[in-house]
Amino acid sequence: MRPDTPAENVDHTAEAARLERTAGLYPEDAEALLLQAAAHLELSGDRPAASTLYDRLLSSPAALDAPHLVRALKASNLWEYGHEAEARAIIDGIRAAAPRDPAPWVIVAESLESHDELEAAEATFTEAARLLLTDVPEPPYATHPLLFGRHRVRRMLGAQHDDWDTLADALNTSPVSLDELHDPKRVWSLGSENPAELEAEISRLRAELGTFREALSRPFPVAVLHWPAGELAELVAAYPALADEYPSHETHLAVIEASLRELAASGTGNLGIVTATVPSYEAFAASEGASPGDSDLLPQYATTLAARGRAVASPPEAPTSPADASVDVTVAVWLAMLPVPAATHSRRHPSLTRMLC
């Protein structure tokens, strides 16, 4: 679904079914795709079906990238259709587990907030801030919702500003201050007959909308495709036409380093690397109706992986100059940190093999 497609024009049930089918084609991306499918089911009103998808992910034998996020989403969904006790138990478990990812904290805190559990929501936001932001000089972008949510809840509780609230104010890029955006009295201005109050509220709503759009429009990385040695050997053996593109694994790594240097030197920001696998690439080729031996497909595959959130972001010391002796070390260490695909008993699904023939 296009990000700018109005929700009322989307058949959420059909979109969820499409995403489930896509997850079958791209098992490496199944977690992200099934989470999207569950979100569509929630929007369609079929919350039990969404819970079924969350349970499917949690019971999967494959390790999840973000198990606490899945549990948080499940808890939030359960509470919305009457399963408060189970939701609370899951939320307590997440808080006890103290995940290092801010997303589960935000979801469970906002779930508590939406059910008027303001003290518990404030405590959850605060626990997360202490865990993730203590002695951190510059809060990462992903942690901003923690600080903004905490500020909002504390404003509703009438609490005095503290250091975390001051930090939230400093991070706010909206033309309207957080104190004004989070003013509990705003709801009354919507029923006001005073044109000045209504105009001020419209300005606040526009500022909030701008903030949401900015968050949604954050681009995925400009990605360079990386093949681990074993995957590259399998790829070239299966599709000899790609031997010209990949003469050797050493040459492949050298091209990656040169590409990163060139992109960084040209001022390109938000660089990343996506790790390729043969089954995933074959599935992508089949979905495009193209041959995996077509080298023109490789950049499209890299972009698709990046758009699905599979990119590892650029290292702190991005390549900037061939004269910089630290570049080789930085890139080598970065490549070593990339995930190595696990071996499987059946690398190619029979139905996929038929599609490629």
Legend entry - Mean accessible surface per residue for the stretch 1-153, computed with a 1.4 Å probe while every protein chain stays in place, in Å²: 49 Å²
Inset, instruction - Measure off 7 Å from each Cα along the Cα-to-Cβ vector at Tyr141 and Ala241, then give the distance between these two points in nanometres to one decimal. - result: 3.7 nm
Inset, instruction - With r as the distance between the Cβ atoms of Leu131 and Arg56 and R0 = 35 Å, compute the FRET efficiency 1/(1 + (r/R0)^6) and round to 0.05. - result: 0.75
Inset, instruction - Taking 7 Å along the Cα-to-C-beta vector as the label spot, tell me the Ser287-Gln300 distance in nanometres, rounded to one decimal. - result: 1.2 nm
Legend entry - Carbon and sulfur %, accessible surface of the stretch 46-111 computed with the full protein complex present, 1.4 Å: 53 percent
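The values are calculated or read from the model by the stated rules, or taken from the named source; none is laboratory data. Note that the structure is a prediction, hence the values are computed from the model and not measured. Cβ: placed from backbone, ideal geometry, glycine included. Neighbour counts: every protein chain shown. To get the accessible areas, we keep the full protein, side chains included, count just its heavy atoms, and leave off ligands, DNA and RNA. Shrake-Rupley method; radii C 1.70, N 1.55, O 1.52, S 1.80 Å.
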